[in-house]
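The values are calculated or read from the model by the stated rules, or taken from the named source; none is laboratory data. Just so you know, these numbers come straight off a predicted model, no measurement behind them. Positions of Cβ are backbone-derived with ideal geometry, glycine not excepted, and every protein chain shown enters the neighbour counts.
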Amino acid sequence: MKRWVFAMVVCWPLLASGQESRGLKGVWKKFQAWMDSSAVRKVDRNYIEVPERPWRVVLRTKTDEFKMDVDSYFDDEYLEEKFGHEVDDGRFQWQQRYNPPAAQSVGFYAGYRGLGFSYSYYLRKKTGRSFSISSTGARYGLNFRLRRFKTNDVHVDAQLYEGDQEVDRVEGDGSSYDDIWVRSVIIDGYYLFNGRRFSQAAAYNQSVIQRRSAGSLMVGAMYHQSSLDLASDRNAAVIQMNGDWGKFSIRQLNLGVGYGYNWVPGRGWLLNAMVMPTVSVFNRVKTHYYDSNYALFYDDLSEEDKATHKPFPADLEDESWLNDARIWETRTETKYSNLKLNMDARLSVTYNWKRCFVNVFGQFNTFEYGYSRTDVSITDWYVRASFGTRF
């Protein structure tokens, strides 16, 4: 009930502003008028052209890649505390890389002036979905991206050291017994100091057309939230090799200063480049730890723990043991890490006809995190080709 009252209070001035403006149709007309005026307000028309046709429908194809490196470090104190091993100045480094093959997707975009939304469907090996909403004006840009997919491809590089000497190493590509889910949300925004002559929207979503070359200093902010979830019974062995964590979620806020430039080498052409280094001013990592009814180092367990645990079979490729594997959450841990340097970079090539346009756009992001004995590095990039029409 409170939501309806709030909606009526907000919308009443629009709904009651005249006979012609009543109802949703009137609200939509006022919204269109506001978007049309915002598109031309404070813009130098010698540099930026606002198309008379406000709508855009775009067909898109996109190639993207997501890589997450998880590097864990276990010293002799941790090994002795966890497994009872007495190691003389030893350490164990456990590196994992979740890097599915680059995925191909198809989708569409629909927008009015600087506001629009898109949806993409992945075609190949990586099952997933992506959804985005964007809004751009003369001096600002806001973008929301959501991605969710699953994989079981894992590259592992494990090294055991005694002092400075490497005594054992295992490296190779493998797979988890069950799917690992990855979810990523990115919200980014920027403010242009020369929005009168430079438009990032001309390169990003073609809501306007850049007619003459110009550049601008910009400030921006980016919120990134991602999670890695492999907490299933069938992944009991993988979780233990991780140091008992089976799921973690990361939240990060980045602030940065960058520069963008639009180069117009000839009629209809536009080449754009933007680089913005960012510094994370907020890093929060929440880790979920698990135990299971199996144990990697069964011989080191107490007699009490042996009553509730089983030894892993010598041949893990015989997956019959997975039928009775069970995990349960034991605790969660929340930590805040130090400042990290991340990167946001974009490149674009556009050609405009009278009503149609083609565009190739690329974006590259890096994110760094750290918690407990683990460092996380994420690389997220995509290249998108588009063909659109205005009406």
Single condition SER249 does not satisfy, out of (1) farther than 18 Å from GLU368 by Cα; (2) touching a strand residue (DSSP E or B) at 6+ places or on another chain (Cβ under 8 Å); (3) without any contact (Cβ under 8 Å) to a residue 60 or more places away in the chain
(1)
How many residues does the range 328-354 hold that are touching a residue at least 40 places away in the same chain (Cβ under 8 Å), under 30 Å from ARG211 (Cα atoms) and exposed (fewer than 12 other Cβ atoms within 10 Å of the Cβ)?
1
Number of positions in the range 221-246 that are under 17 Å from the mean Cα position of the chain (by Cα) and buried (at least 21 other Cβ atoms within 10 Å of the Cβ)
4
Which one of the conditions (1) surrounded by fewer than 23 Cβ atoms within 10 Å (Cβ to Cβ); (2) closer than 23 Å to ASP157 by Cβ does TYR204 fail to meet, given that it meets all the rest?
(2)
Might you let me know whether the range 299-321 holds any residue that is in the same structural domain as GLU171 (by TED's automatic domain parsing), at pLDDT 90 or above, touching a helix residue (DSSP H, G or I) at 6+ places or on another chain (Cβ under 7 Å) and not acidic (Asp, Glu)?
no
Of GLU329, GLU317, the only residue that is charged (D, E, K, R) and over 28 Å from the mean Cα position of the chain (by Cα) is GLU317
For the range 171-212 the number of residues that are under 28 Å from the mean Cα position of the chain (by Cα), in a strand (DSSP E or B) and of a type outside the set (Val, Ile, Thr) is 17
Over 23 Å from ASN365 (Cβ atoms), modelled with pLDDT of 90 or more and of a type in the set (Phe, Trp, Tyr): does that describe TRP269?
yes
